[in-house]
């Protein structure tokens, strides 16, 4: 069984490498689009994510367990309430073949700096996931929470999740033109990045990615509510792809420096999965 | 109109606290008692609702009104609260959507989980009518609808025996903690923010204690004796809140909910803390009332019209949040938001009472 598991993971790796040369690089390339992203969502890697190891996800994969993900925050894309989690599941199962991904999607209203981090603990305890994908910062930004207070509360929450052997991927708030010059808002976005760096968790740089997408010439569909709303829709549509790519890329990095106790399984001969 | 009294006073106090706490991040938040304990104003509000059911369904001498009358009375109240919930939800969604359009800022659509509604109005509007779709901060009224809806069961059992009513309620509470029973959210995953199966225990406790309080002096004597215990619990709560000490939900033994501090399930620690607060602060009204004059009358007036004031408070706090967001906050803005909010709450209470007084025989315009 163990060999099969290991080879399953290798297949996933092979698929990833084939799917995206840029994704395999240790540092994302500054130029060039991600081939594995759909046309409308393409963003250069450097503007899309920062990587870090995902040991819990890695061990779930190598033990051939279903991958349990708790996706927190944000609404679904227009059309159906299930679409962000469903798309994320599909995108991950495509990036990690032979892996069964289950996603629990929860809203988390309230500020991390006050009550919401308690509620987060409850959710994590209830779901007991391998990975938490957390869209964070929007509510604190709206409530004008002090960026330092936000950063320390977020840092504490992320450290708590990781202390229980659960991986975290952070997703920072959206980019929208009316907030671009807002100092407090940018400080919150900055704080998410700082915490991701300090806690060594992968970050989906949604703000940067959307800013990049907004700067591209945007002919094509309009939006009856105006340009910012069209961009917002696009951001929601692309988020699942962006998160999946960040996870897959971070897994590559985890794979590149395997933990010693798992290493032997990877040296065994590759078998056809089945 | 009733004269100012302890129940209305504390209800008004809870309403003001909830209003301030629902403008998160504002300067005055740190001066509310919610920041200094494990339980908060929500517990006080639900407990007093139970106590009020006792007052409404029993005469001054403790003799209950006819059972049918109590059932219809509670049914009418349930309809009233449900109607308030629908109105408040619609206005809140319109405020959020309107602000997003006016400020050309789609970020605002994400406010309090409203994004789900705009992303999927077809399912969400059904969820709104079913109360399984709730906005953040707009989740107390759905709890209230369910609690008053099931209250007739406890009121009727209470006619036979108050201890039986309390035992039934306590059994449901414990079972919900052990088996994590809750009502589901829909659309979207998850459960209700306020678990009615757990929170009902506080409503029934209020109802039962009001009955005992009428019947004999024993309750009053014991609550006086237990004041020191209440004070110890309050101090312990302050220490825990200030230091941020709390059990780790992934480390406690099973059943988990018996040990954690979760608001959703009104866990035992919160319940115990609330009882401590009750013991320590209940005698305070008699001391305060003669000294605070206008403040006491203001809070009692809010408390007498709690549904209207709560509903208006939800809307005003959302407007306050939007104002803080757009202006960037700051002490001056916070003073403006809190000040106009408190005036707005007072006006709401006055308006409701004025309207009731003038409802009489004149034809409506």
Next item on the list: State all residues of segment B:62-79 that are closer than 18 Å to residue B:2 by Cβ and surrounded by fewer than 16 Cβ atoms within 10 Å (Cβ to Cβ); if no residue qualifies, say none.
Entry: B:65
Next item on the list: Only residues in segment A:237-252 that are within 12 Å of residue A:50 (Cβ to Cβ) count as the first member; pair them with residues that are assigned to a helix (DSSP H, G or I), Cβ under 9 angstrom, at least 6 apart or cross-chain, and list the lot.
Entry: A:249/A:16; A:249/A:22; A:249/A:23; A:249/A:24; A:249/A:45; A:250/A:57
Next item on the list: Determine if segment B:56-63 includes at least one residue that is within 14 Å of chain A (Cβ to nearest Cβ) and outside any loop (DSSP other than H, G, I, E, B).
Entry: no
Note to self: Exactly one condition in (1) assigned to a helix (DSSP H, G or I); (2) at positive phi; (3) within 11 Å of chain A (Cβ to nearest Cβ) is false for residue B:325; which is it?
What the structure shows: (2)
Margin query: Can you pull out every residue in segment B:171-189 that is over 21 Å from the mean Cα position of the chain (by Cα) and within 14 Å of chain A (Cβ to nearest Cβ)?
Written below: B:179, B:180, B:186, B:187, B:188, B:189
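Restricting attention to segment A:153-176, and to residues there that are within 11 Å of chain B (Cβ to nearest Cβ) and in a helix (DSSP H, G or I), which single residue is nearest to residue A:241 (Cα to Cα)?
Selected residue: A:161.
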Margin query: Please return the ranges of helices (runs of 4 or more DSSP H) entirely within segment A:29-128 where 2 or more residues are surrounded by fewer than 22 Cβ atoms within 10 Å (Cβ to Cβ), modelled with pLDDT of 90 or more and within 14 Å of chain B (Cβ to nearest Cβ).
Written below: A:116-127
Next item on the list: Identify the single condition in (1) within 30 Å of residue B:1 (Cα to Cα); (2) free of Cβ contacts under 8 Å to residues at least 40 places away in the same chain; (3) surrounded by fewer than 15 Cβ atoms within 10 Å (Cβ to Cβ) that residue B:286 does not satisfy, given that it satisfies every other one.
Entry: (2)
Next item on the list: Output the number of residues of segment A:177-186 satisfying the condition of being assigned to a helix (DSSP H, G or I) and more than 9 Å from chain B (Cβ to nearest Cβ).
Entry: 1
Item checked: Filter result for residue A:22 (modelled with pLDDT under 75 and not in a loop (DSSP other than H, G, I, E, B)) -> yes
Next item on the list: Could you list all residues from segment B:176-189 that are touching a helix residue (DSSP H, G or I) at 6+ places or on another chain (Cβ under 8 Å) and not in a loop (DSSP other than H, G, I, E, B)?
Entry: B:176, B:177, B:178
Next item on the list: Return the only residue of B:34, B:52 being surrounded by 15 or more Cβ atoms within 10 Å (Cβ to Cβ) and more than 12 Å from every other protein chain (Cβ to nearest Cβ).
Entry: B:52
Checklist line | Where residue A:140 falls short, out of the listed (1) within 10 Å of chain B (Cβ to nearest Cβ); (2) surrounded by 24 or more Cβ atoms within 10 Å (Cβ to Cβ); (3) farther than 17 Å from residue B:321 by Cα | finding: (3)
Margin query: Out of the residues in segment B:111-159 meeting the condition of being in contact with a strand residue (DSSP E or B) (Cβ under 9 Å, 6 or more places away or on another chain) and in a helix (DSSP H, G or I), tell me which one is surrounded by the most Cβ atoms within 10 Å (Cβ to Cβ).
Written below: B:158
Notebook entry, point to check: Out of all the residues in segment B:94-101, is one or more more than 12 Å from every other protein chain (Cβ to nearest Cβ) and under 24 Å from the mean Cα position of the chain (by Cα)?
Noted result: yes
Next item on the list: For residue B:274, indicate whether it is away from chain A (no Cβ under 14 Å), touching a residue at least 24 places away in the same chain (Cβ under 8 Å) and on the phi < 0 side of the Ramachandran plot.
Entry: yes
Notebook entry, point to check: Here are B:209, B:257, B:205: which of them is within 13 Å of another protein chain (Cβ to nearest Cβ), surrounded by 19 or more Cβ atoms within 10 Å (Cβ to Cβ), in contact with a helix residue (DSSP H, G or I) (Cβ under 7 Å, 6 or more places away or on another chain) and part of a helix (DSSP H, G or I)?
Noted result: B:257
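Here's the yes/no breakdown for (1) more than 17 Å from residue A:136 (Cβ to Cβ); (2) at pLDDT 85 or above; (3) more than 14 Å from chain B (Cβ to nearest Cβ); (4) not in a loop (DSSP other than H, G, I, E, B):
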site	(1), (2), (3), (4)
A:188	no, yes, no, yes
A:192	no, yes, yes, yes
A:208	no, yes, yes, yes
A:221	yes, no, yes, no
A:245	yes, yes, yes, yes
Check: Does segment B:303-318 contain any residue that is over 20 Å from the mean Cα position of the chain (by Cα) and either surrounded by fewer than 20 Cβ atoms within 10 Å (Cβ to Cβ) or within 14 Å of chain A (Cβ to nearest Cβ) (or both)?
Finding: no
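The values are calculated or read from the model by the stated rules, or taken from the named source; none is laboratory data. Bear in mind that the values here come from a model prediction, so they are computed numbers and not experimental data. We place every Cβ from the backbone using ideal geometry, glycine too, and count neighbours over all the protein chains shown.
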